[in-house]
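Below: one structure, written as structure tokens.
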Amino acid sequence: MSEQPQPPEAAKSEAEALRHAYEVSRFVQDRSREIRGAKASADIVRAFAEAARELVGSGGTQFYLRDAAGGSMVLHKTTGDTTIRRLGASPWRPPKDMLEWIAKERRPATVPGDSERDWHTLVPLVVAGEVSGILVLDLPQGAGEIAQQTVEALSFLAEEAAAAILAAEERARLDDELGRIDMERSFLANILDSITNGILVVDLDGRILQINRNAAAMLDIPSLDVLGQPFEPLVSEHVRVELRAIFDETLQAGFAMERLVTTRLGGTEFPIAVGSSLLRDDALQAFGCILVFRDMTASREMDRLRKLDQMKSDFVANVSHELRTPLTSIKAYCEALAGMPRTPKEMEFLQVIDEEGDRLIELIEDLLDVSRIQSGTLRLNLEAGNPGELVREVLAMPKLHSDQHRIHANIPADLPEMVFDWNRMKEVLINLVSNAVKYSPEGGEIAVTLSVAEGNLRIAVEDHGIGISAADQASLFQQFFRVDGSLTAKVAGTGLGLAITKGIAEAHGGTVTVRSEPGKGSVFTVILPVRKEVPRVEAGTAQPKFG
Amino acid sequence: MPLIPIEKVSPGMRTAAPVVDGGGMLLVREGAELTPDILERLRARKVSAIDIVISGQPPSGVRTTPADPAALKAALDHAFEKAAQHPVMKALYDAAAARIGRKA
Amino acid sequence: MSTPAAPGADRLKRVVDRIQGLPTLPAMLSSINRLMANPRTSAKEIAQLISSDPAITSKVLRVVNSSFYGFPNRISTVTHAIVILGFNTIRSVVLSTSIFDALRKTAPAQGFDRTAFWRHSIGVGSLSRVVARHLGFTSLEEFFIAGLLHDIGKVALDSYLPEEFAKVVARVREADVTMLEAEEAVLGVTHADVGGWLLQKWSLSQALVDAVARHHNPSLAGENMKTAAVVHLSDLIARALQIGSGGDRRMPPLSDEGWSALGVSTEAFPALLAEGAEEAERAMVFLEFAR
């Protein structure tokens, strides 16, 4: 071991310097941990001020903050007694221009106070590029004694404090945001529950994202606690089919036109208008579907629609009437021509004109019926009669018969007398039977079965034809609806028959249902309440029905 | 601004810079007219030389004659003649031209 | 000239080998550096060192009381200057005044306007400060010094290789090219190379050496690329503002790599130009030391 070449004095002072540097860095580390540990801005400033005060051995501190308007620096807080040392003199306050100078310099500086021996160290807090505050430390020793290390340590602590304040502000901002999101959420829930419409929001898989009280009530969902559940098992079968169709349409087209769905609540039927549109996120990516339910029974919308419908019906009625007049003339002249001597060819042509004229008249009658049904002006001529006889009369009509089909009737002997519009119900039966013939092109057996159960008359017309798919069954009774497809392409028809059938059945207080399986055949059943007397309520004021 | 030995400084001259003693203490501020009295005190403080303002010379290097905006614009155009294709240089040119435009 | 092109370092050596009698920086600078290496050094100790040179002391007080530093009250002693403005500021003031001092005594060549040159240098120094502040740097004094000294090679060439430098100046005037192009053509080395070499000889920091040597090509400044890019951009801005003149009338090309390294937006130009022009005007106090 050789002797250290350094003189002992130098070695001692160097060791001393190292030890001191170590102490200062330990101090700075400890305090910056403390500063960073503080959660609120005020605590951070307090920890920073305390650390800075100890570092320079200062007696008192002042802390200046920019006023809220971003204007001048305002004294925010003082600690320690700066007057004792100064024997009663009022404490030094940095002039405005000094504070602004420090704010511009953005680094700690020691500046003179009132006298040569009075110095103060000013440390700016630069948060996010802006000087948000200035700490003023009374410097106890002479200004010349301040060491570079002290200034650097102050700068370091100020940067730590600034970073901590920034983090605290960010935290506070996040907290605010979360609070606001909570508020917004309950605000939204309140709005949703206050809307008279039902709102149901589902994701692309049909799981409920949001539902308000009214939607739950209209769909007869007992609890609002259904978020995340698929909506389909929660609603009645009839509604499910309708909603599924609306949902599918929305996914495909982006929206679904409002349509009427009837729901049943405690035995009462409610017409509900259901509209829907696709929900997209900020990136325009579809993530769900919002369904809006409007109770149509009492809404003014109903009146509006009724008026619109009235206008349409009036229009149809007028046009039909105007069409019928010339047609009647055509038929009359046809007859007149037929009464004169004609060649067989001419007679054949006149026959065609007459038949086509009849078809037009039928079509116009159908249109008139539909418009009457829709406007609720379909008047029933109610008379007591036997439905069995009606069926027999219809089945005797030669135009319903074909070579390939065998039509037979099952008519119980003990059918009660009941009141109904003979001609209208005849129309219904003709419709159903001719449909059965038309849609069983391969021929086969067609059965018309009458029965009475639970006070209702049921007239079932069964064929073994092409059948109707489930999707088509939903729209079957709409006007002008015809089952598409190659199998039906050859079948003539206006698409009004079933709509009229349904309208007539409903005007009687009844309904029409269909049960069908593609390829196996269909059963159309008209269900009418058995009524013995002429109802007192005028049939003309019956509630119009849609769909 | 010459540093003049104190023996050659005569009363009436002005200091071009603050005069300080060996300890860094300010004795005379800049721009002060040196009186015989002050010179005596400076000698007593063992000041050896003083920065003196030569008459007619402005005390600082601040430009005294404002440039003609048209000349400035012409010089700017010339400087950027080949450089302004670059979008950054174009932006720099625009900013500089706008300043000249405001002064004109 | 029929000599074949030699690698840059060789060419630089051939040029600077002919520079004789280069001034040295005052010993005080290395003493300040040594003192500041010890963190416990007090303001008083450094003040004592500076005050031992009355010429530097008076200049320091002149500068610290100028509007460039803008301190609201008068600063009457070096100790106070250090305490108020900080250790680094005073070191850079001493450094810049010493360099001006070291170079001002040499006789300027014909056709090279030293006053315009120093105005340009002070302008680039001020703009470097402004750009660095805009980028969030804290050691603004170093940027000021780097900008101030970026063209120091021109003074060195002008002072110590006057004949060659006169040819460069003549070529700039005749061909209307940049100093850089003329130097490449006439000397095969540039003022940036010479400046870097000089600062290295004066034992200044590597960041300063790189910033000066690469202020036309920051891509080559390695880890000091950003500093060099700040000076590079500041040079262009000072030229656009026409603060003084570096000796030519053309804009040197922008370094795309340097530009993208800084991440400055061109939208910042109006503000940078306004701030830079104002700060440069205040910094012209340094001009006195160059006379």
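Tabulated data
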quantity: Any hit, region A:142-160, residues being more than 14 Å from chain C (Cβ to nearest Cβ), buried (at least 21 other Cβ atoms within 10 Å of the Cβ) and either in contact with an Asp or Glu (Cβ under 9 Å, 6 or more places away or on another chain) or at positive phi (or both); calculated: no
quantity: Residue match in region C:224-243 (condition: farther than 19 Å from C:PHE68 by Cβ and modelled with pLDDT under 90); calculated: yes
quantity: Residue within region A:406-419 that is more than 19 Å from A:GLY510 (Cα to Cα), of a type outside the set (Gly, Ala, Ser) and surrounded by 16 or more Cβ atoms within 10 Å (Cβ to Cβ) present; calculated: yes
quantity: Residues that are hydrophobic (A, V, I, L, M, F, W, C) and surrounded by 16 or more Cβ atoms within 10 Å (Cβ to Cβ), drawn from region A:361-371; calculated: A:ILE361, A:ILE364, A:LEU367, A:LEU368, A:VAL370
quantity: Test: residue in region A:266-280 that is hydroxyl-bearing (Ser, Thr, Tyr), within 21 Å of A:THR297 (Cα to Cα) and surrounded by 13 or more Cβ atoms within 10 Å (Cβ to Cβ); calculated: yes
quantity: Test: residue in region C:77-89 that is within 11 Å of chain A (Cβ to nearest Cβ), under 17 Å from A:PRO108 (Cβ atoms) and open to solvent by 40 Å² or more (accessible area, probe 1.4 Å); calculated: yes
quantity: Matching residues, region C:246-291, being assigned to a loop (DSSP other than H, G, I, E, B) and open to solvent by 40 Å² or more (accessible area, probe 1.4 Å); calculated: C:ARG249, C:PRO253, C:GLY263, C:SER265, C:ARG291
quantity: Qualifying residue in region C:151-168 (condition: surrounded by fewer than 20 Cβ atoms within 10 Å (Cβ to Cβ) and under 18 Å from the mean Cα position of the chain (by Cα)); calculated: no
quantity: Filter result (within 7 Å of another protein chain (Cβ to nearest Cβ), more than 12 Å from C:GLY125 (Cα to Cα) and within 16 Å of the chain's Cα centre (by Cα)) within region C:237-286; calculated: C:ARG239, C:VAL285
quantity: Whichever residue in region A:372-397 is more than 17 Å from A:GLU427 (Cβ to Cβ) and at pLDDT 80 or above and, among such residues, is least open to solvent (accessible area, probe 1.4 Å); calculated: A:GLY388
quantity: Cross-chain or 6+ apart pairs with Cβ under 7 Å, region A:442-454 first and over 22 Å from A:ALA396 (Cβ atoms), then part of a loop (DSSP other than H, G, I, E, B); calculated: A:VAL452/A:LEU415; A:VAL452/A:PRO416; A:VAL452/A:VAL530
quantity: Exclusive hit being within 26 Å of A:ALA245 (Cβ to Cβ), open to solvent by less than 50 Å² (accessible area, probe 1.4 Å), modelled with pLDDT of 80 or more and in contact with a Phe, Trp or Tyr (Cβ under 8 Å, 6 or more places away or on another chain), set A:VAL523, A:VAL514, A:VAL491; calculated: A:VAL514
quantity: Residue check for C:GLU174: out of contact with any Cys (no Cβ under 9 Å at 6 or more places or on another chain) and open to solvent by 10 Å² or more (accessible area, probe 1.4 Å); calculated: yes
quantity: Odd one out for A:VAL239 among (1) open to solvent by 20 Å² or more (accessible area, probe 1.4 Å); (2) over 19 Å from A:ILE195 (Cβ atoms); calculated: (1)
quantity: Scan of region A:203-214 for residues that are modelled with pLDDT under 90 and over 11 Å from the mean Cα position of the chain (by Cα), ordered by number; calculated: A:LEU204, A:ASP205, A:GLY206, A:ARG213, A:ASN214
quantity: Yes/no for C:ALA238 being touching a residue at least 24 places away in the same chain (Cβ under 8 Å) and touching a Gly at 6+ places or on another chain (Cβ under 6 Å); calculated: yes
quantity: Residue in region A:252-264 that is in the same structural domain as A:LEU219 (by TED's automatic domain parsing) and in a helix (DSSP H, G or I) present; calculated: yes
quantity: Single condition A:MET347 does not satisfy, out of (1) in a helix (DSSP H, G or I); (2) modelled with pLDDT under 85; calculated: (2)
quantity: Filter result for the condition that a residue is within 14 Å of another protein chain (Cβ to nearest Cβ) and at pLDDT below 85, over A:VAL56, A:VAL111; calculated: A:VAL56
quantity: Among the candidates C:ALA185, C:ALA211, residue that is within 18 Å of C:PHE112 (Cβ to Cβ) and assigned to a helix (DSSP H, G or I); calculated: C:ALA185
quantity: Selection status of C:GLU141, within 14 Å of chain A (Cβ to nearest Cβ), over 20 Å from C:THR24 (Cα atoms) and surrounded by fewer than 24 Cβ atoms within 10 Å (Cβ to Cβ); calculated: yes
quantity: Condition met for A:SER72 (closer than 19 Å to A:SER32 by Cβ and at pLDDT below 80); calculated: no
quantity: Among residues of region C:91-106, those that are away from chain B (no Cβ under 11 Å) and under 21 Å from C:LEU208 (Cβ atoms), counted; calculated: 11
quantity: Condition met for A:ILE191 (among the β-branched types (Val, Ile, Thr) and outside the structural domain of A:ILE44 (by TED's automatic domain parsing)); calculated: yes
quantity: Residues being open to solvent by 80 Å² or more (accessible area, probe 1.4 Å) and not in a helix (DSSP H, G or I) - total across region C:42-51; calculated: 0
quantity: Residue within region C:33-41 that is among the polar types (S, T, N, Q), in a loop (DSSP other than H, G, I, E, B), at pLDDT below 85 and open to solvent by 10 Å² or more (accessible area, probe 1.4 Å) present; calculated: yes
quantity: Only one of B:ASP37, B:ASP21, B:ASP77 that is acidic (Asp, Glu) and modelled with pLDDT of 80 or more; calculated: B:ASP77
quantity: B:ALA71 being at the interface with chain C (Cβ under 10 Å from one of its Cβ atoms) and surrounded by 12 or more Cβ atoms within 10 Å (Cβ to Cβ); calculated: no
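The values are calculated or read from the model by the stated rules, or taken from the named source; none is laboratory data. This one's a predicted model, so the numbers in the text were calculated from it and none came from an experiment. Methodologically, a virtual Cβ is constructed for each residue, glycine included, from the backbone with ideal geometry; neighbour enumeration extends over all protein chains shown. Accessible surface areas use protein heavy atoms only, side chains included; no ligands, DNA or RNA. Shrake-Rupley method; radii C 1.70, N 1.55, O 1.52, S 1.80 Å.
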